[in-house]
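Here the structure comes first, spelled out in structure tokens, and everything after it is commentary.
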Amino acid sequence: MLDATTRSGGTATVSPRTAATELAVAAGPVAPTGFSARATRVLLSPWSRLSLLVALLASAATAVVLFQPQQLLTDGWPPQLGGAAAALAYAVAYGLCTVAFVPRPLLNLAAGALFGSQLGLASALAGTVLGAGIAFCLGRILGQEALRPLLRGKWLKAADGQLSRHGFRSMLAARLFPGVPFAAANYCAAVSRMGLLPFLLATALGSIPNTAAYVVAGARASTPTSPAFLIAMACIALPGLAGAVLAWRKRHRLRGH
């Protein structure tokens, strides 16, 4: 058996095979090459994941157009489900519909019409938090890495900084203010560095007033002259009017600057 080294005149000489092995160990593992490796890098790239997110949202919106969940307002809930089980099923459907951009006011009215004020409010709030959480996780996993380098505009950077540093109170204000679209707030928070738990907590608390107003309006829609219905409609209209006035005033101030 030959030794890996031979000695000539007191000097150690390393065989070529041993030297090649030591160089390979020192260099570390070699990155895989070939078509499969390139395909994996492309599929896991930020822009591929963002494209997947866009495709998922487009598919969800198409499904909503085809199945028309708004028919619950006219056709009612399937008779096979009732009580708490029906409210739970509606909360899941509510969350999925918000991800597919179904307007929340429509879903809130349906919750009140189907389940009444109390159970309808619980179902609608659960669906709101569920839908917000799904949208946040989708945006964080599939979209954040690709979209964060695009935050170069003044307003985009300001919104990102506000959500990243003061996530809970910023999202609470966004949920309370009627002019901020639900889906836009979800994906803006996902792209920022805001945490999931503050996002969900702010969504749950901030969505109570507006959701309750729509649910009560839906529950009392058959008696439009009742005090509960009139109060609910006032709670819907007044924040919207206040938001429109505030936006108008800010618009004039921005023009003045």
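The values are calculated or read from the model by the stated rules, or taken from the named source; none is laboratory data. All values derive from a computational prediction rather than experimental measurement. Glycine gets a Cβ as well: all are built from the backbone with ideal geometry, and neighbour counts include every protein chain shown.
This table checks each residue for (1) among the charged types (D, E, K, R); (2) surrounded by 14 or more Cβ atoms within 10 Å (Cβ to Cβ); (3) modelled with pLDDT of 65 or more; (4) farther than 18 Å from Val216 by Cα.
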residue	(1), (2), (3), (4)
Val25	no, no, no, yes
Pro29	no, no, no, yes
Arg41	yes, no, no, yes
Thr62	no, no, yes, yes
Gln80	no, no, no, yes
Ala91	no, yes, yes, no
Val102	no, yes, yes, yes
Ala113	no, yes, yes, no
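Does region 140-157 contain any residue that is within 16 Å of the chain's Cα centre (by Cα), modelled with pLDDT under 75 and among the basic types (Lys, Arg)? Checked against the condition, which is being within 16 Å of the chain's Cα centre (by Cα), modelled with pLDDT under 75 and among the basic types (Lys, Arg), region 140-157 yields at least one hit. Look at (1) outside any loop (DSSP other than H, G, I, E, B); (2) touching a residue at least 40 places away in the same chain (Cβ under 8 Å); (3) under 16 Å from Ala63 (Cα atoms) and you find that Cys97 fails only one, number (2). Working only within region 175-219, note down all residues that are surrounded by fewer than 23 Cβ atoms within 10 Å (Cβ to Cβ), of a type in the set (Gly, Ala, Ser), out of contact with any Leu (no Cβ under 7 Å at 6 or more places or on another chain) and within 19 Å of Arg140 (Cβ to Cβ). Answer for region 175-219, where residues must be surrounded by fewer than 23 Cβ atoms within 10 Å (Cβ to Cβ), of a type in the set (Gly, Ala, Ser), out of contact with any Leu (no Cβ under 7 Å at 6 or more places or on another chain) and within 19 Å of Arg140 (Cβ to Cβ): Ala183, Ala184, Gly195.
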